Every structure is written in structure tokens, then in C-alpha cells.
């Protein structure tokens with residue numbers, strides 16, 4: 001009788017456990033604001049950010065992040081793009097905080113001169129889970145190095161929508 005009860009419980013709850021484990025990816029798309037400290041002045045830049053995270057466990061994943069910010073610096077157009085990758089640690093709850101360290105490529109174009117630097121983004125944020133498929137990224141804050149020179153440290157804020165699949 002115990003074997004039958006065990007088999008019945010296993011058959012009933014295995015699909016629920018499998019469904020909970022199948023959501024291994026998160027895709028983020030949203031608005032991005034970056035403050036660039038530069039010489040001879042500073043720039044406030046607006047743009048976009050997209051990220052794809054693969055979850056090894058509910059708490060640990062690897063994130064690929066791309067972004068583009070656009071603004072003006074002393075009357076000239078400035079463009080800044082990042083391609084970053086690195087680990088992310090999160091606490092999967094209704095309100096889900098996360099932190100990450102991302103490394104990669106930063107490219108800027110200022111005064112018509114394009115430069116490439118090694119970029120690092122250290123930061124985190126908070127997602128609000130609406131349902132199993134959608135979360136709202138209420139805030140993400142990062143300190144990014146390499147926007148206008150290798151040693152610059154600039155702040156970036158992002159917000160948007162996260163899809164779980």
C-alpha cells in the first residue's frame with residue numbers, strides 16, 4: 001500500500017516540480033540612464049539596455065548584457081555601447097533582489113573619435129514578479145568603468161520588463 005501511495009504522489013507532483021525548473025532564462029529589456037564623468041564636462045545620457053540571464057540554479061546565473069546610451073558632451077554628440085558578461089546572484093521571491101559583476105567591451109564615440117576600452121559593471125537591482133512569466137525591473141543601479149577613459153567610474157540606472165522562459 002505504501003508503494004502505491006508513493007507512486008501516486010510521485011506521479012502527481014513530478015509535473016509541478018518539472019514546470020518550476022523549466023524557467024531557466026530571463027530576458028530583460030528597458031530604459032537606461034547613464035551619467036558620464038568626462039573631460040572637460042559631464043554628460044547625462046539616455047538609451048536602452050537588454051540582458052539575457054541563464055539560471056544554473058534559482059540563485060545563480062550568468063548574464064549577457066548589451067546597452068547603448070546617447071547624449072551630448074560640450075555640444076558634440078556622444079555614443080556609448082557596452083557588451084558585458086558575468087555572474088549574477090539573485091534571491092527568487094515576489095520582490096527579488098539581485099547583484100552582478102559584468103566584464104566586457106565598452107565603445108564610445110566622442111567628438112567624432114571612437115575608442116574601445118575594457119569595461120566593468122558592478123551593481124544590482126530589484127525585480128517585482130507579476131506572474132510566472134513576467135517581472136518588472138523596478139530599479140537596477142550599476143557603476144561602470146571605461147565610458148570615456150579606462151579609469152572613469154560612471155553611474156547607470158535601468159528599469160523595464162523581464163520575461164521568464
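At-a-glance table
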quantity: Segments 93-103, 58-68 sorted - mean Cβ within 10 Å per residue, highest first; calculated: 58-68, 93-103
quantity: Square roots of 5 times each gyration tensor eigenvalue, C-alpha, segment 23-164, largest first, Å; calculated: 29, 14, 11
quantity: Within segment 23-164, percent of DSSP bridges classed antiparallel, to nearest 5; calculated: 100
quantity: In nm, spacing of pseudo-spin labels at residue 46 and residue 157 (7 Å Cα→C-beta vector); calculated: 1.3
quantity: Between segment 72-127 and segment 33-62, the alpha-carbon center distance in angstrom; calculated: 3
quantity: Residue 81-residue 31 pseudo-label distance in nm [points 7 Å out on the Cα-to-Cβ vector]; calculated: 2.3
quantity: Segment 45-117 - convex hull of the alpha-carbon atoms, volume per residue in Å³; calculated: 92
quantity: Contour minus Cα-Cα distance for residue 114 and residue 101 (0.36 nm per residue); calculated: 2.2 nm
quantity: Extension gain (nm, one decimal) between residue 54 and residue 143, 0.36 nm per residue minus Cα-Cα; calculated: 29.8 nm
quantity: Segment 23-164: relative contact order in percent, alpha carbon pairs under 8 Å with at least 6 residues between; calculated: 23
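We did not get these values from a lab; they are worked out from the coordinates using the rules stated. Remember, it's a predicted structure, so these values are computed and weren't measured experimentally. Ideal geometry is used to build each Cβ from the backbone, glycine not excepted, and the neighbour counts take in all protein chains shown.
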